[in-house]
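Here the structure is laid out as structure tokens; the discussion comes afterwards.
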Amino acid sequence: MLREQIQSGNHLAVALSGGVDSVVLLDLLVPLSVQMQFSLSAIHVNHGISINADKWSKFCSDLCRSSAIPLKVAKLKINQEPGVSLEAAARDERYRVFGKLKADYVVLAQHLDDQAETLLLQLLRGAGVKGLGAMPVVRNFAAEISKQGIGTGMPALSGGRPRILRPLLEVSRREIEDYASEHALQWITDESNDDISFDRNLLRHEFFPLLEKRFPSYRTTFMRASRHMAEASCLLDELAEVDSKACVVPGKLHVEDLRNLGFLRAKNLLRYTLAQQGAILPSRIKLEEILRQMLSSRPDTKLHVIFGNAEVRCFKGEVHVRRARPPRKGASSVTEWRLVWKGEQELAIAELGGTLKLTRRNGVGLNLQKLSEHPVTIRRRCGGERLRPDCERPRRSLKNFLREASVPPWKRETLPLIFSGEHLVCVPGIGIDCDFRAAAGEPGLAVEWQSAPDFVLSHEKIP
């Protein structure tokens, strides 16, 4: 299995908890790294949950030192949000660590029993075919966090992220434990593994032993069922790809085209689009309610739905998926916020969610000489601003310019307005006051506003 995936020179990082599964995995990979000529390291995540967590970190350090394997220990403090289990919060933090590793693969020790447990847990949660699909041997990182439902605070999912590799998926827990005993390996035991207040432990210690008495081959049967579900999920994604070609122009879902698909296909396309954008998917009921509101909306409807780490808005019949942002604190901050420009070529403006680039170029943009006559400030729109980009026409309200340019309402509040003294002289993407425009040959200042992307997408297609 490894020979099909790994190339000479690859770097594999083993997720080493110190438990029997990951210890066996590391023991198997050490000689293979020499035979197949890949570099090997380990990553241990100390969640700080157990009183024994530091002892486990020391055990992993000693184990790696004895095998001359480089080890990185990531010590975390878990911030558990309301409604999120401690297990889920720890998993999310663990994957954040994995996503930052400089490796070709993060190798996990999940095995055949883990597959069976995951399938049943997902079934009990009412998951769809994607959730019931088996964990694959290899998956790119973007697809992995989409499957896990991890979205908030993740690093950018562009090229260079490690892939997830699970080489033990067809090996049972019993086989792993037998191997460890035969080779006299040492490992640690997490006391929480015996706590049946955790759903996974209840299945492992009470349900599956009973199931095995009647259905001894349940593990492989569950694996087969999960693979059927994974195939069905792939087909639904392929259907969504086909439908998106008719409904996504340019880069945005169109409500009218969604209506033409029919409810089930429209729901499939909406779910697929949200996943591709990196959003944590809402429940089936919430997803259907969002879709119903979309399909019943008119072009002037101000649809705004927030769920998880995302929000959906409609503007002129187009669907916008954005990262949910907390509301501003108090109206006074809207009118009082301002930033003084001191000649910087680039300003990252967290309050507006973007970067303002100011490049000196002759005959382009703002007239630098005129601009230097008064202090230059950057402000947020608060209403009543007026601009005169055309010297042949009177000054007009910025509100009208924004409406004519079809700027969505929520983006109007995050545009940086450039003032000279109390005079509005430039709104990026809208225009420059005619009295402040640089003429040919005059020193000028080109202005460009780059708003941060709502979601950072992977360049890899999520399978």
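The values are calculated or read from the model by the stated rules, or taken from the named source; none is laboratory data. Worth saying up front: this structure is predicted, and the values here are computed from it rather than measured. Cβ: placed from backbone, ideal geometry, glycine included. Neighbour counts: every protein chain shown.
Within region 439-463, the residues that satisfy the criterion of being at pLDDT 55 or above, small (Gly, Ala, Ser) and either closer than 13 Å to Asn140 by Cα or in a loop (DSSP other than H, G, I, E, B) (or both) are Ala439, Ala440, Gly441, Ala452. Counting only residues that are among the aliphatic types (A, V, I, L, M) and in the same structural domain as Val129 (by TED's automatic domain parsing), which one in region 204-234 is surrounded by the fewest Cβ atoms within 10 Å (Cβ to Cβ)? Going through the qualifying residues, I end up with Leu210.
Taking each residue of region 174-185 that is part of a loop (DSSP other than H, G, I, E, B) and looking for partners that are among the hydroxyl-bearing types (Ser, Thr, Tyr) with beta-carbon atoms closer than 9 Å, six or more apart or interchain, yields Leu185/Tyr179. For Glu87, the test of being in the same structural domain as Arg139 (by TED's automatic domain parsing), within 21 Å of Leu12 (Cα to Cα) and at pLDDT below 95 is failed.
For Pro428, state whether it is modelled with pLDDT under 90 and within 30 Å of the chain's Cα centre (by Cα). Considered against the rule, which asks whether it is modelled with pLDDT under 90 and within 30 Å of the chain's Cα centre (by Cα), Pro428 comes out as no. Candidates Asp237, Asp195, Asp243, Asp190: the one that is assigned by TED's automatic domain parsing to the domain that holds Leu168 and surrounded by 13 or more Cβ atoms within 10 Å (Cβ to Cβ) is Asp190. Can Pro282 be described as at pLDDT below 90, buried (at least 17 other Cβ atoms within 10 Å of the Cβ) and not in a helix (DSSP H, G or I)? When the stated conditions are applied, Pro282 passes them. Regarding region 102-122, can at least one residue be identified that is assigned by TED's automatic domain parsing to the domain that holds Leu12, part of a helix (DSSP H, G or I) and of a type in the set (Gly, Ala, Ser)? For region 102-122, residues assigned by TED's automatic domain parsing to the domain that holds Leu12, part of a helix (DSSP H, G or I) and of a type in the set (Gly, Ala, Ser): present.
From Arg292, Arg265, grab the single residue that is modelled with pLDDT of 90 or more, more than 30 Å from Glu442 (Cβ to Cβ), surrounded by 17 or more Cβ atoms within 10 Å (Cβ to Cβ) and among the basic types (Lys, Arg). Of Arg292, Arg265, the one residue that is modelled with pLDDT of 90 or more, more than 30 Å from Glu442 (Cβ to Cβ), surrounded by 17 or more Cβ atoms within 10 Å (Cβ to Cβ) and among the basic types (Lys, Arg) is Arg265. Would you check if Asn201 is exposed (fewer than 14 other Cβ atoms within 10 Å of the Cβ) and under 30 Å from the mean Cα position of the chain (by Cα)? So Asn201 does not fit the description; no. Selection of region 324-353 for residues being part of a strand (DSSP E or B) and either modelled with pLDDT of 90 or more or at positive phi (or both) yields Leu339, Val340, Glu346, Leu347, Ala348, Ile349.
Take the residues in region 354-377 that are part of a strand (DSSP E or B) and more than 18 Å from Gly444 (Cβ to Cβ), then tell me which one is modelled with the lowest pLDDT. My answer is Gly354.
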